[in-house]
Amino acid sequence: MIKLIADKIGVPMVKGDATKFSETGYVGGDVEDLVRDLVREADNDIKLAQYGIIYIDEIDKIASSRNLVGPDVSRTGVQRALLKPMEETDIDLRVPHDPISMLEEIERYRKTGKRKKHYINTKNILFIMSGAFNDLAEIIKKRMVDQGIGFGAAIRSRSDSIEYLKHVKPEDLIKYGFESEFIGRLPVISVFEKLTEDDLFAILKNPNNPIILSKKLDFKAYNIAVKFDDGALREIARLAYKDGTGARGLTSVIEKILIKLEKRLPSTGIKKVPVTEEVVKDPESALKKILSVSNRSWREKTYEKLAQQEKESIKQYVTHHSAMLTEKYGIELTPSRIDLIAEIYGSGTSDVAAVIKKIKNYRDQIKNMEAYFHKTHALNIILDQDCIDLIILRMNSSPTALGEFYKELTSKFEYGFKLIRDRTGQTTFVITKEGLENPQQFLDDLVKESYVKDDPS
């Protein structure tokens, strides 16, 4: 989520794990390395990096132990090491223990006789921390009971815990094991709600979600195409919700369900597999049904039905987000172009963004071919959008499709176009989708039309 926010506002972002860092002087990563990583993420643009985001996960793991007698040096040390970067300080971008950095500095000094300072100020860097904070709810509950606020019942479920977490205060985090100076530098505290079953289903239905796409990719490695129906996705969401592990649980649920199919199907010659609710509920029985020769017709019809449903779903998604996608990728999303996106999405394992980028790349290649044809034959051809989309669809299926179309241009279209040019002086020709599908009829009509123009009587 934070990565999406960073991409949206156009700033660099790096992620760190609090458990991997240590106070300067102890064995472990230096927290200042995160700031240096941020500069590298910004392609060494210090001005841009100064407004970047540093996200540190597992921050609850550096809270000092409440059961420990005496100071917890390593954990509180990391907290103290974070204080200055979180407030404002200048971080030296040269790493003292990096031999390459030292050699570069020596070479620079040898040439110029001066030391060049490389610093970044952390005043405007946004630090975001996150963690599970187990047992924090108990601390909040005790405070609220002591203050007579209520909520005196024992915490029996995750939902109870979230209700208490909504009332968190800095004093609770200090009791949890954080230094007061550290908490004072985190003015905004947010509590994430537990994902519902509907939330998990929405994640699976999103065409850009990597969970389903990666599983499709796993099967594609064996030249097997898989499609999921809504019933299967809904049941997967239900099982993941029951496990209580949130969105992370979706991957493990899918792996457990499809592992039998993934092991057995590659040796069967089956190339299309529908993943239905039946597959999710009883993978073993569903596998037998899929393998049965008598069920071949059912398997193929079900797969095609799910493939069509997926295309319609992609069309709806692209149509709904057309304004955003057009602005972001600079591509006109006509009905035929949306159909093309859905078709290419359904034939592969890429997300919508990757499909649109692929289409843009193919379109640019086609435009370059138009320019080359004009330069070579002194004829200006313009392919209308439906024609371009048809060529793109062919290019997606065959890497030689554009070369084959160019040969078709020179062998079939060129002679007819030159005949019309010599007769009428016309040098610009628009090729339609119908012309591409039936070039002979298209050229015959153009030639006849040129004779009519030449002799209107």
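Every read-out reported here was derived from the displayed coordinates using simple, explicitly stated rules and does not represent laboratory data. Predicted model, so just to flag it, every value in this text is computed and none were measured. Here the Cβ positions follow ideal geometry from the backbone for every residue, glycine too, while neighbour counts run over all protein chains shown.
General remarks:
- Placing a pseudo-label 7 Å from each Cα along the Cα-to-Cβ vector at Leu291 and Asp90 gives an inter-label distance of 7.1 nm.
- Using a Förster distance of 22 Å, the FRET efficiency for Lys256-Glu58 (Cβ separation, nearest 0.05): 0.25
- In this simple spin-label model, placing a label point 7 Å from the Cα along the Cα-to-Cβ direction at both Asn134 and Ala307 gives a separation of 4.7 nm.
- Residue-normalised convex hull volume from the C-alpha trace of the range 338-411: 77 Å³ per residue.
- Net charge of Cβ neighbours under 15 Å - reference Arg238; Lys, Arg +1; Asp, Glu -1: -4
- Set of the range 252-279 residues, backbone N closer than 16 Å to the point 7 Å along the Cα-Cβ line of Trp298: 273-279
- For Lys227, nonlocal amide neighbours, meaning residues 5 or more places apart or on other chains whose placed amide H falls under 5 Å from its own, are Val273, Val275.
- Taken about its Cα centre, the chain carries a charge dipole of roughly 720 debye when the Cβ of each Lys and Arg holds +1 and the Cβ of each Asp and Glu holds -1.
- Note, ³J(HN,Hα) from phi for the range 294-308, Karplus 6.51, -1.76, 1.60, rounded to Hz, x at Gly and Pro: 5, 9, 4, 4, 4, 4, 5, 5, 5, 4, 4, 5, 5, 5, 5
- For Val188, Val14, Val145, Val31, the sequence from fewest to most other C-beta atoms within 10 Å is Val188, Val145, Val14, Val31.
- Straightening the chain between Thr334 and Asp282 buys 14.5 nm, computed as 0.36 nm per residue apart minus the Cα-Cα spacing.
- For the range 274-279, 3J(HN,Hα) per residue [Karplus equation, 6.51 cos²θ - 1.76 cosθ + 1.60, θ = phi - 60°, Hz, x = Gly/Pro]: x, 9, 9, 4, 4, 5
- Relative compactness, the range 198-320, computed as alpha-carbon Rg over 2.2 N^0.38 Å: 1.03
- For the range 52-65, the Karplus equation 6.51 cos²θ - 1.76 cosθ + 1.60, evaluated at θ = phi - 60°, returns couplings of x, 10, 10, 10, 10, 8, 6, 5, 5, 6, 9, 6, 5, 5 Hz by residue, with Gly and Pro reported as x.
- Where only alpha carbons of the chain are counted, the Rg and the Dmax (Å): 31.0, 108
- At R0 = 41 Å, FRET efficiency that the Cβ-Cβ distance of Glu193 and Lys360 yields, to 0.05: 0.60
- Helix-only mean residue ellipticity at 222 nm for the chain, each DSSP H run of n ≥ 4 adding -39500 (n - 2.57), per residue, nearest 500: -18000 deg cm²/dmol
- Over the range 384-457 - Rg/Rh using Cα atoms and the Kirkwood inverse-distance radius: 1.04
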